[in-house]
Amino acid sequence: MNTTQRLTFVTLSWLMLATATTPALAQASSSRIADLEAKMNAMAAELAVLKEELAAAKASGDSANLQAMQADINAAKQIAERATQSANEWKDVTSVTHLSGYASADYVSPENGNAAFIANFNPMFHFLLNDKLLWEAELEIEVEENGETAIGLEYTTVDIFLNDSMTLMAGKFLSPVGNFRQNIHPSWINKLPSAPPGFGHDGAAPISEVGLQLRGVAPVGDNSRFTYAAYIGNGPKLEGEDGEIHAIEAEGFAGDPDDEKVFGGRVAFLPIPQLELAVSGAFGNAAVVENDGVDFEGDPTRDYKVLGFDASYRWNDLDLRGEYIKQEVDPQEMSVAPEGGKWETWYAQGAYKLGQGKWEGVVRFTDFNSPHPDDSQEQWAFGVNYLITPSAMVKIGYEANDGLAGEITDDDRWIAQIAYGY
Amino acid sequence: MKIKSLSAISGITIVAIFISATMSLQQPATAAETTATAQNDPMQFARGAKAWADTCARCHNMRDARSLRDDQWRAAMAHMRIRAGLTAKETEDILAFLQGSN
């Protein structure tokens with residue numbers, strides 16, 4: 001065989017082989033593709049299912065969470081809203097009720113008389129409406145020597161704030177004449193355990209009044225001001241005894257036997273906030289309504305007058321104050337007690353705080369003159385106070401009293417007192 | 001007689017003031033308003049502190065701001081406004097100071 005013959009032979013046999021094997025080959029690859037195709041389709045189907053499931057899971061999972069979260073948020077919001085609402089309630093209410101007042105427990109030991117414990121309790125009520133009306137009232141409750149309890153209505157007034165500077169009051173109020181009665185007498189304010197002679201019952205200073213009162217302020221410049229009070233009221237009653245006026249009772253009565261109203265007031269000037277200078281007074285009529293301990297009618301009226309001056313000054317730990325006041329009635333010839341009378345008193349007091357305001361020393365001098373010598377009294381009072389807080393304190397006081405010999409006004413005494421303004 | 005007609009005239013005048021005063025009571029002025037003004041008025045606290053220092057030891061020892069709650073101060077300050085002779089504005093300033101210091 002030549003080369004061409006051999007080449008042709010080889011080619012032919014390769015061709016034959018190829019032809020013989022090709023279908024088998026073709027058969028093998030086509031089945032694998034089909035296999036793969038089937039697998040791929042299956043996978044694709046699986047993926048689609050998974051995708052669907054995932055999407056469904058995703059969707060269902062998120063919205064449940066979201067809903068739960070939203071619900072939580074809403075609940076929390078509501079709680080927060082309610083909490084803020086109640087936290088702010090006190091701010092937005094239209095009325096406020098406040099219970100306050102003061103109390104004291106004393107031990108009084110006179111040089112000649114018997115030593116004894118005494119106690120009193122003065123609750124005070126405030127009802128404030130719309131920041132425009134205040135009802136203030138105070139009771140004075142005291143244990144008496146015979147063990148009974150004396151209850152008095154110290155004051156009860158409706159106070160209407162008319163404008164920026166004026167207030168109108170109606171009811172029973174502490175007399176705005178003088179300063180001690182209206183501002184200093186509560187036991188936690190008074191630096192001594194007792195009131196200065198003449199500022200108590202049947203003294204030289206009126207105690208209270210039933211009527212109408214207008215109070216206000218007139219600022220002058222940045223640092224000075226006037227304050228004023230003017231009132232109209234029923235006025236006092238006179239007590240006759242043994243043909244004399246025994247006492248002017250100026251304690252606020254809800255009746256007016258003499259049928260003449262009393263007018264009065266006080267004007268104070270504060271050139272600087274630490275200094276107050278004031279003048280006060282009242283005038284009107286009064287009549288004897290009780291004679292020798294029994295009610296008495298038909299006594300003719302007579303003129304009644306009050307005049308007072310008071311001053312106070314503060315300089316760091318030093319507190320100085322003083323007050324003069326007199327109360328008088330004219331003679332009345334037709335009366336069961338024809339003579340008039342003048343009740344007059346004044347005091348000056350100095351107090352100094354020590355030990356970062358924890359201790360306080362006090363000295364006061366008072367001179368009280370009554371038409372009845374057995375009531376008149378001169379007094380030096382000394383005190384040392386320990387301040388638990390600014391309105392709770394223990395006071396020890398000593399009074400050197402000079403009155404008519406043998407009278408209690410002449411008896412020196414020690415007084416220990418615990419006072420608390422709450 | 002003179003005092004009697006005088007008292008009748010002043011009686012009527014005062015009653016008239018009283019009636020017109022009660023009419024103004026209808027519009028509430030709540031502490032919320034006061035708080036709102038406080039936010040618009042940053043100097044209120046300082047003014048209140050000064051007025052407090054100037055006024056509140058005149059008659060009695062200075063009471064601690066922490067001795068009362070905010071609402072109690074509201075009533076106590078209404079009371080002290082009358083006693084101490086303060087304007088409404090001074091009262092609001094001192095109240096803001098006390099409420100911010102307790």
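Values for this structure:
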read-out	value
Every residue from segment A:327-353 that is in a strand (DSSP E or B), open to solvent by less than 20 Å² (accessible area, probe 1.4 Å) and within 20 Å of A:ALA247 (Cα to Cα)	A:GLN327, A:VAL329, A:GLY341, A:TRP343, A:THR345
Members of segment B:57-94 that are under 17 Å from A:GLN274 (Cβ atoms) and of a type in the set (S, T, N, Q)	B:ASN61
Residue in segment A:354-361 that is among the small types (Gly, Ala, Ser) and either assigned to a strand (DSSP E or B) or touching a helix residue (DSSP H, G or I) at 6+ places or on another chain (Cβ under 9 Å) (or both) present	yes
Check on A:GLU244, in contact with an Asp or Glu (Cβ under 7 Å, 6 or more places away or on another chain), away from chain B (no Cβ under 14 Å) and open to solvent by 50 Å² or more (accessible area, probe 1.4 Å)	yes
Any pair with Cβ under 9 angstrom, 6 or more apart, that starts in segment A:122-146 at a residue that is under 26 Å from A:ASP106 (Cβ atoms) and ends at one that is among the basic types (Lys, Arg) and in a strand (DSSP E or B)	A:ALA137/A:LYS172
Lone qualifier among A:ILE245, A:ILE189 - being in a loop (DSSP other than H, G, I, E, B), in contact (Cβ under 8 Å) with a residue 60 or more places away in the chain and not polar (S, T, N, Q)	A:ILE189
Any hit, segment A:176-185, residues being more than 23 Å from A:GLU344 (Cβ to Cβ), touching a residue at least 12 places away in the same chain (Cβ under 8 Å) and not in a loop (DSSP other than H, G, I, E, B)	no
Subset of segment A:305-325 [small (Gly, Ala, Ser), buried (at least 21 other Cβ atoms within 10 Å of the Cβ) and more than 12 Å from chain B (Cβ to nearest Cβ)]	A:GLY308
Selected residue (only one of A:ASN234, A:ASN285 is more than 30 Å from A:LEU387 (Cα to Cα), more than 32 Å from the chain's Cα centre (by Cα) and open to solvent by less than 30 Å² (accessible area, probe 1.4 Å))	A:ASN285
Every residue from segment A:157-182 that is within 30 Å of A:ILE418 (Cβ to Cβ) and open to solvent by 20 Å² or more (accessible area, probe 1.4 Å)	A:LYS172, A:ARG181
Candidate set: segment A:54-106, residues that are open to solvent by 70 Å² or more (accessible area, probe 1.4 Å) and assigned to a strand (DSSP E or B); chosen: the one nearest to the other protein chains (Cβ to nearest Cβ)	A:THR97
Residue match in segment A:146-156 (condition: facing another protein chain (nearest Cβ under 10 Å) and open to solvent by 30 Å² or more (accessible area, probe 1.4 Å))	no
Qualifying residue in segment A:291-301 (condition: of a type in the set (Gly, Ala, Ser), surrounded by 14 or more Cβ atoms within 10 Å (Cβ to Cβ) and more than 12 Å from chain B (Cβ to nearest Cβ))	no
Residue under evaluation A:ILE272, criteria (1) open to solvent by 40 Å² or more (accessible area, probe 1.4 Å); (2) within 29 Å of A:GLU249 (Cα to Cα); (3) in a loop (DSSP other than H, G, I, E, B), criterion not met	(2)
Pairs with Cβ under 9 Å, 6+ apart, first in segment A:402-422 and closer than 15 Å to A:ALA105 by Cβ and within 14 Å of chain B (Cβ to nearest Cβ), second in a strand (DSSP E or B) and open to solvent by 80 Å² or more (accessible area, probe 1.4 Å)	A:TYR420/A:ILE388; A:TYR422/A:LEU99
Segment A:289-304 - residue that is in a strand (DSSP E or B) and out of contact with any Lys or Arg (no Cβ under 8 Å at 6 or more places or on another chain) and, of those, farthest from A:PHE263 (Cα to Cα)	A:VAL294
Pairs with Cβ under 7 Å, 6+ apart, first in segment A:206-222 and over 17 Å from A:ARG266 (Cβ atoms), second aliphatic (A, V, I, L, M)	A:VAL210/A:ALA254
Boolean, A:VAL220 is open to solvent by 50 Å² or more (accessible area, probe 1.4 Å), more than 26 Å from A:HIS201 (Cβ to Cβ) and not aromatic (Phe, Trp, Tyr)	yes
Selected residue (criterion: most open to solvent (accessible area, probe 1.4 Å)) from residues of segment A:192-202 that are in contact (Cβ under 8 Å) with a residue 60 or more places away in the chain and farther than 22 Å from A:SER100 by Cβ	A:ASP202
Single condition A:ASP131 does not satisfy, out of (1) within 9 Å of another protein chain (Cβ to nearest Cβ); (2) charged (D, E, K, R); (3) assigned to a strand (DSSP E or B)	(3)
So B:ALA76, is it surrounded by fewer than 24 Cβ atoms within 10 Å (Cβ to Cβ), at the interface with another protein chain (Cβ under 9 Å from one of its Cβ atoms) and under 21 Å from A:TYR155 (Cα atoms)	yes
Qualifying residue in segment A:408-415 (condition: open to solvent by 10 Å² or more (accessible area, probe 1.4 Å), on the phi > 0 side of the Ramachandran plot, more than 38 Å from the chain's Cα centre (by Cα) and of a type outside the set (Lys, Arg))	no
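The values are calculated or read from the model by the stated rules, or taken from the named source; none is laboratory data. Here the structure is a predicted model, which means the values were calculated and not measured. Positions of Cβ are generated from backbone atoms using ideal geometry, with glycine treated the same way; all protein chains shown enter the neighbour counts. We work out accessible area using only protein heavy atoms, side chains counted, and drop any ligands, DNA or RNA first. Shrake-Rupley method; radii C 1.70, N 1.55, O 1.52, S 1.80 Å.
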